[in-house]
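What follows is a single structure, written as structure tokens, with notes after it.
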Amino acid sequence: MEISRETKKHLMQIIAFAILLYCGIEHLDIVIAVFRFALGIVMPFVIGGIIAFILNVPMKRIEKHLFVKNQKGEKLRRPLAYLLTLLCVLGIFMLASMVIAPELGNTASMLMEQIPVAFRRAQRWLAELPEQWPALAPAIEELNIDWSAISASAVKVVQGIASGVVSSGMGLFSGVVSGVTTFIISFTFSIYVLFQKEKLAGQVRQVLYALFSRRFTEKTLEIAKLSNQIFSSFLSGQCMEAVILGTMFFIAMSIFRMPYAMMTGIVIAITALIPIFGAFIGCVLGMFLIAMVNPMQAVWFLILFLVLQQVEGNLIYPHVVGGSIGLPSIWVLVAVTIGGKLFGIAGILFFIPLCSVLYALFRTFVKKRLAERSVPREKWQKPQN
């Protein structure tokens with residue numbers, strides 16, 4: 001049997017790939033070293049691309065509303081939109097740091113004062129408990145709790161956390177200083193991408209059409225457009241949802257006169273950027289802070305959290321985020337679990353829009369196959385008895 005030239009070409013490609021794969025496995029340490037070296041070279045541009053993508057979401061919305069009727073100011077539209085976006089982002093970071101930094105110092109000092117008081121309150125409560133519940137008296141006597149030692153240990157833990165936050169902050173600062181070159185390159189690259197995005201997109205399309213088939217290029221561009229829409233919608237929707245949730249907690253806690261309303265609202269808004277689990281992290285931190293002042297208010301805060309979480313989950317999230325990514329809740333949970341397991345918080349944020357893109361592509365493929373096979377809608381829409 002004669003083998004065609006195309007088949008020989010494919011066989012040679014498979015053999016070459018197998019040889020390269022074998023050599024790579026045999027010299028895995030060299031491959032990893034080369035990969036790390038290459039990653040170190042391209043990392044500033046990867047970070048710059050991420051910065052450009054994040055800033056482009058609010059920037060393009062601001063740009064649409066600038067100099068709409070004034071053609072003379074068209075050249076200033078993009079620079080002014082970029083400047084306003086940068087000022088908004090820096091303002092948010094400065095506002096958050098101005099609120100959180102003093103509150104952290106006040107909270108740490110207040111916790112060191114409140115911990116002994118809280119333990120004395122718990123000691124009195126346990127001492128009065130046998131009078132109210134005589135059946136518990138033998139069990140309480142057997143506990144033999146050394147409250148002084150526990151209180152001293154708790155104060156040391158808080159001091160250790162406070163010093164750890166300061167040292168980690170200094171370490172982060174030194175890390176930023178040491179990586180200032182990478183940051184400058186990344187930031188400069190992001191500016192170039194944002195100001196020349198149409199030109200860069202055109203160049204990418206030219207390269208794709210020149211190197212690949214027209215069908216492959218058009219499919220690739222279609223996937224890229226879908227990915228950009230979903231990732232942009234997810235980013236803007238998640239930020240909006242976090243701001244709404246944090247504001248709801250601040251207003252509700254202020255109405256019910258709960259302590260740490262501003263700080264708890266900001267913490268919940270920041271942690272709510274992590275889908276599904278983020279708000280619960282903020283809830284635990286808020287409960288701990290409130291419990292140091294008033295344990296009963298901490299219980300009411302938990303009830304308030306559950307109520308607001310239901311409002312957010314059933315009314316806000318489906319309209320703000322859920323509809324924008326078009327991913328059912330069960331697959332959101334799968335994406336969060338897999339992404340968090342593989343890459344932590346970054347994986348959680350990345351895998352939800354990624355799974356949404358894959359879900360949309362697979363749904364389109366399935367519908368196309370059903371249409372090609374002329375399968376009636378009632379065959380797959382309604383379950384058969």
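For segment 166-183: of the residues being loosely packed, with under 12 Cβ neighbours inside 10 Å and of a type in the set (A, V, I, L, M, F, W, C), which is modelled with the highest pLDDT?
In this case the residue turns out to be Val180.
Within segment 183-207, work out how many residues are out of contact with any helix residue (DSSP H, G or I) (no Cβ under 8 Å at 6 or more places or on another chain) and of a type in the set (D, E, K, R).
Number of matching residues: 2.
Could we say that Gly265 is more than 22 Å from Val336 (Cβ to Cβ), under 23 Å from the mean Cα position of the chain (by Cα), free of Cβ contacts under 8 Å to residues at least 60 places away in the same chain and buried (at least 21 other Cβ atoms within 10 Å of the Cβ) here? Even if it seems obvious, please write down each step before you answer.
Numbers: more than 22 Å from Val336 (Cβ to Cβ): yes; under 23 Å from the mean Cα position of the chain (by Cα): yes; free of Cβ contacts under 8 Å to residues at least 60 places away in the same chain: yes; buried (at least 21 other Cβ atoms within 10 Å of the Cβ): yes.
Yes.
Being among the aliphatic types (A, V, I, L, M) and surrounded by 15 or more Cβ atoms within 10 Å (Cβ to Cβ) is the filter; apply it to segment 223-239 and report the residue that is modelled with the highest pLDDT. Can you show your working first?
Step one: list which residues in segment 223-239 are among the aliphatic types (A, V, I, L, M), which gives 223-224, 226, 230, 235.
From the residues that got through so far, the ones that are surrounded by 15 or more Cβ atoms within 10 Å (Cβ to Cβ) too are 224, 226, 230, 235.
Values: Ala224: 90, Leu226: 86, Ile230: 84, Leu235: 83.
Here the answer is Ala224.
Which condition number does Ile316 fail, the rest of (1) within 28 Å of Ser227 (Cβ to Cβ); (2) over 17 Å from the mean Cα position of the chain (by Cα); (3) at pLDDT 85 or above being met?
Answer for Ile316: the failing condition is (3).
Quick one: in segment 46-78, which of the residues that are exposed (fewer than 15 other Cβ atoms within 10 Å of the Cβ) and under 24 Å from the mean Cα position of the chain (by Cα) is nearest to Gln229 (Cα to Cα)?
Start the filter on segment 46-78 by keeping residues that are exposed (fewer than 15 other Cβ atoms within 10 Å of the Cβ), which leaves 46, 50, 61, 64-65, 68-76.
Checking the rest, the ones that are also under 24 Å from the mean Cα position of the chain (by Cα) come to 46, 50, 61.
Numbers: Val46: 19, Ile50: 15, Arg61: 13 Å.
So the residue we want is Arg61.
Give Ala242, Ala335, Ala346 a once-over and let me know the one that is loosely packed, with under 14 Cβ neighbours inside 10 Å, without any contact (Cβ under 8 Å) to a residue 40 or more places away in the chain, of a type outside the set (D, E, K, R) and within 19 Å of Ser232 (Cα to Cα).
Details: Ala242 fails: loosely packed, with under 14 Cβ neighbours inside 10 Å; Ala335 fails: loosely packed, with under 14 Cβ neighbours inside 10 Å.
Selected residue: Ala346, the only one of Ala242, Ala335, Ala346 that is loosely packed, with under 14 Cβ neighbours inside 10 Å, without any contact (Cβ under 8 Å) to a residue 40 or more places away in the chain, of a type outside the set (D, E, K, R) and within 19 Å of Ser232 (Cα to Cα).
Filter segment 238-289 down to residues that are of a type outside the set (Phe, Trp, Tyr) and not in a helix (DSSP H, G or I) and give me whichever is farthest from Ile348 (Cα to Cα).
Initially, segment 238-289 is screened for residues of a type outside the set (Phe, Trp, Tyr), giving 238-248, 251-255, 257-259, 261-276, 278-279, 281-287, 289.
Imposing the further condition that a residue be not in a helix (DSSP H, G or I) reduces the set to 257-259, 272-276.
Values: Arg257: 34, Met258: 32, Pro259: 31, Ala272: 12, Leu273: 10, Ile274: 7, Pro275: 7, Ile276: 10 Å.
Within segment 238-289, the match that is farthest from Ile348 (Cα to Cα) is Arg257.
The values are calculated or read from the model by the stated rules, or taken from the named source; none is laboratory data. In this text the structure is predicted, and so the values were computed from the model without any measurement. Reconstructed Cβ throughout: ideal geometry from the backbone, glycine too, with neighbour counts over all protein chains shown.
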